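Chemist: This is the structure I want to talk about, given as structure tokens.
The values are calculated or read from the model by the stated rules, or taken from the named source; none is laboratory data. Quick caveat: nothing in here was measured; it's all calculated off a predicted structure. No Cβ is skipped: glycine too gets one built from the backbone with ideal geometry, and neighbour counts run over all protein chains shown.
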Amino acid sequence: MTLQADVQAVQGGFRLNAELWVGSGEVVAVVGPNGAGKSTLLRTLAGLHALSDGSISIDGVVVDCPRSRVYLPPERRPIGVVFQRLLLFPHLSALENVAFGLRCGRMRRAEARRQAGEWLDRVGLCGLEHRRPDQLSGGQAQRVALARALAIAPRLLLLDEPLSALDTGTRAAVRRDLKNGLAGFGGAKVVVTHDPAEAMMLADRLVVLERGRVVQVGTCQEVTARPRSEYVGTFVGVNLFCGLARRDSVLLDQGGVLHAVGAGEGRVFVKVHPRSVTVHRLSPDGSARNVWRGRVLGIDDEGEVVRVTITGQPQIVAELTWPAVAEMGLVPGLEVWASAKAFEVETYPA
Amino acid sequence: MSADVGLAQEPAAALTSRARRRQAKRVSGGLPVVVLVLGALGALLFVLPLVGLVARVPWRSLGEQLFSGPIMTALGLSLVCSGAATVLCLLLGVPLGWVQARTSFPGRGVLRAITTLPVVLPPVVGGVALLLVFGRRGIVGQSLYEYTGVQLPFTTLGTVLAEAFVAMPFLVLTVGGALQSMDQGLEEAARTLSASKWTVFWRVTMPTIRPSLVAGTVLCWARALGEFGATITFAGNFPGRTQTLPLAVYVALETDLDAAITLSLVLLTISVGVLVALRRYWFGGLR
């Protein structure tokens, strides 16, 4: 394990209590809603915020452990950080930005500049060495920031919302570049993000943080298959409910009943993929066991598909095509019927 | 022919007068006449003395005056003292601004108020205060003289100290403000790139606040150069030792008006130079 961290930190009135371990070469995405403590977690790993308890070790070296009075400041940790706002030095050229860390490592000027040039080549910025940060596009600046963090050969690379500074148009392309850039780096990688697409594409494993605590850990597939909190449900794009199962029906905490095949007994999570939810203008007389009335609350354009939120018992999101929405004349406030087949309602123990 | 010309000119003349009226309206900006008149009077208050001074400059004998012994002595002393005072201010003022901007401790507000005081304090009061502390019978001055033989009042060193006392707040305020408002994330980024605190200071913080540092230094130097009240009170008025340009102007006014005017012109030129050099820093937001 390259990174082993039991992070207990306090910031203001906020308490963070999270365990995190990352193997070499592995990419772990820390996801969670705003204010969950993602950035604080990253700052403790970087040494920009000291632990109140617990410990952090990188490559077997303890870098922070209040109990044994160990604390290494950021400059003495084998880390590289790509900040949310990138934070390139505005008074230095792209080349000098990348060379900065090498020079701090007492490398000779000429050698540092040569290696920095190689790094810029590697991230595809050949010819832009002498540009200042304000003369670079968002995507180019992002690559300089990555090259700058990787140039000092860290053992742990930390990325804080690495793509949030970019506009949506360039984000997909830069995300691809970033994935390639990360693949070439053998150390441990931690990406903090609130963007599901970013997390799913970049990470091997997800750590979900809510209100300062880890609520779920797993590979992207595991988390997508079995989300264990409302936030994670929304994050992976499914309807998730909590309820009490009795024989094949579940009494939902928020009200309403859903029938599911093999629900078992006791507390369960109920997952319904929006694709499995059907919307009707009139009461349907099909084979679906779950049928209930509701009103259209909102219609969200997701590109190829449309996500229609329907209030009722329970409130649910259905994924439809644009032609279907147009044909039914769905508008907010319209009374509709929702249905879902019992075998498409998935349950697992809470 | 002449009628033609008249006809052709008339619409043009009407147009220009209309345009002129429009232009006048644009200048007045829709302000009441009283405001315009008072504003103009206010501007005259600045313009008239300057014009009056420049008008009385003895241009013919200017070169002769300028390079005469007394003026060159005063100018040289002024440059040396204000330069030394500026170095002293940089050495002590930047760390002071740093401490004020980046640390919090009880009494920080009081400290900030005290270090800002010389900006509004009558300089002569500053001179008296300096004399009480650093004078030969002063709390610090007495032991300083007894143990090292260094005497501050009525010496060139005293001039430097008096100038630094009055000028340093300008540097502290400018640098402190810049340090407080700069993106401290840049310093954190540097530390994650294994830069020591010292390296961060020299290679990230200083370059980032450079415009403010330059402006503060020039402002500080200009204030030191023009210092009068604290200097004459604490350091006296000895030609060649403590008689700086402003003091020389004051003395010359009694005996040699032309010399006073020439000296004033030198100071005015320097002030205008400072203003021009720093116009972007101060008037960047204005056109």
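Chemist: Could you list all residues from segment A:65-90 that are away from chain B (no Cβ under 14 Å) and either buried (at least 23 other Cβ atoms within 10 Å of the Cβ) or at positive phi (or both)?
Modeler: The answer is A:69, and nothing else.
Chemist: Let me ask another. Across segment A:103-128, what is the number of residues that are of a type outside the set (Phe, Trp, Tyr), crowded, with 19+ Cβ neighbours inside 10 Å and more than 9 Å from chain B (Cβ to nearest Cβ)?
Modeler: Just the residues of segment A:103-128 that are of a type outside the set (Phe, Trp, Tyr), to begin with: A:103-118, A:120-128.
Those still in the list that are crowded, with 19+ Cβ neighbours inside 10 Å too: A:103-104, A:112, A:116, A:120, A:123, A:125.
Filter once more, keeping what is more than 9 Å from chain B (Cβ to nearest Cβ): A:112, A:116, A:120, A:123, A:125.
Counting residues in segment A:103-128 that are of a type outside the set (Phe, Trp, Tyr), crowded, with 19+ Cβ neighbours inside 10 Å and more than 9 Å from chain B (Cβ to nearest Cβ) gives 5.
Chemist: Taking residue A:307, is it surrounded by fewer than 16 Cβ atoms within 10 Å (Cβ to Cβ), free of Cβ contacts under 8 Å to residues at least 40 places away in the same chain and either touching a helix residue (DSSP H, G or I) at 6+ places or on another chain (Cβ under 9 Å) or charged (D, E, K, R) (or both)?
Modeler: yes
Chemist: Also: Out of all the residues in segment A:50-95, which are within 15 Å of residue A:141 (Cβ to Cβ), aliphatic (A, V, I, L, M) and in a loop (DSSP other than H, G, I, E, B)?
Modeler: Answer for segment A:50-95, where residues must be within 15 Å of residue A:141 (Cβ to Cβ), aliphatic (A, V, I, L, M) and in a loop (DSSP other than H, G, I, E, B): A:87, A:88, A:92.
Chemist: Right, here's the next one. Looking at this structure, is residue A:247 surrounded by fewer than 18 Cβ atoms within 10 Å (Cβ to Cβ) and over 18 Å from residue A:196 (Cα atoms)?
Modeler: yes
Chemist: Does residue B:195 qualify as being at the interface with chain A (Cβ under 8 Å from one of its Cβ atoms) and touching a strand residue (DSSP E or B) at 6+ places or on another chain (Cβ under 7 Å)?
Modeler: Considered against the rule, which asks whether it is at the interface with chain A (Cβ under 8 Å from one of its Cβ atoms) and touching a strand residue (DSSP E or B) at 6+ places or on another chain (Cβ under 7 Å), residue B:195 comes out as no.
Chemist: For the condition touching a strand residue (DSSP E or B) at 6+ places or on another chain (Cβ under 8 Å) and among the small types (Gly, Ala, Ser), what is the one hit in A:203, A:197, A:225? Write out each step before concluding.
Modeler: Values: A:197 fails: touching a strand residue (DSSP E or B) at 6+ places or on another chain (Cβ under 8 Å); A:225 fails: touching a strand residue (DSSP E or B) at 6+ places or on another chain (Cβ under 8 Å).
The unique qualifying residue is A:203.
Matching residues to (1) closer than 15 Å to residue A:342 by Cα; (2) touching a Pro at 6+ places or on another chain (Cβ under 7 Å); (3) assigned to a strand (DSSP E or B):
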| position | (1), (2), (3) |
| --- | --- |
| A:243 | no, no, yes |
| A:250 | yes, no, yes |
| A:255 | no, yes, no |
| A:261 | yes, no, no |
| A:269 | yes, no, yes |
| A:283 | no, no, no |
| A:288 | yes, no, no |
| A:292 | yes, no, yes |
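Chemist: Only residues that are within 28 Å of residue A:227 (Cα to Cα) and more than 14 Å from every other protein chain (Cβ to nearest Cβ): list them for segment A:41-55, please.
Modeler: A:41, A:54
Chemist: Has segment B:164-182 got any residue that is closer than 28 Å to residue A:104 by Cα, assigned by TED's automatic domain parsing to the domain that holds residue B:246 and exposed (fewer than 15 other Cβ atoms within 10 Å of the Cβ)?
Modeler: yes
Chemist: Could I ask something else about it? Find the residue count for segment B:210-231, including only residues that are buried (at least 24 other Cβ atoms within 10 Å of the Cβ) and either outside any helix (DSSP H, G or I) or outside the structural domain of residue B:76 (by TED's automatic domain parsing) (or both).
Modeler: Total satisfying the criteria: 1.
Chemist: Among the listed residues B:243, B:180, which satisfies the condition of being touching a residue at least 12 places away in the same chain (Cβ under 8 Å), away from chain A (no Cβ under 14 Å) and farther than 30 Å from residue B:76 by Cα?
Modeler: The unique qualifying residue is B:180.
Chemist: Can you find even one residue in segment B:84-94 that is in contact with a Phe, Trp or Tyr (Cβ under 7 Å, 6 or more places away or on another chain), surrounded by 16 or more Cβ atoms within 10 Å (Cβ to Cβ) and either in contact (Cβ under 8 Å) with a residue 60 or more places away in the chain or in a helix (DSSP H, G or I) (or both)?
Modeler: Within segment B:84-94 (the criterion being in contact with a Phe, Trp or Tyr (Cβ under 7 Å, 6 or more places away or on another chain), surrounded by 16 or more Cβ atoms within 10 Å (Cβ to Cβ) and either in contact (Cβ under 8 Å) with a residue 60 or more places away in the chain or in a helix (DSSP H, G or I) (or both)), the answer is yes, since at least one residue qualifies.
Chemist: While we're looking at this one, here's another question. Just give me the residues in segment B:195-232 being hydrophobic (A, V, I, L, M, F, W, C) and in contact with an Asp or Glu (Cβ under 7 Å, 6 or more places away or on another chain), in sequence order.
Modeler: Within segment B:195-232, the first condition is being hydrophobic (A, V, I, L, M, F, W, C), and the residues that meet it are B:195, B:198, B:200-202, B:204, B:206, B:209, B:213-215, B:218-222, B:224-225, B:228, B:230, B:232.
Within segment B:195-232, B:195, B:200, B:204, B:224 meet the criteria.
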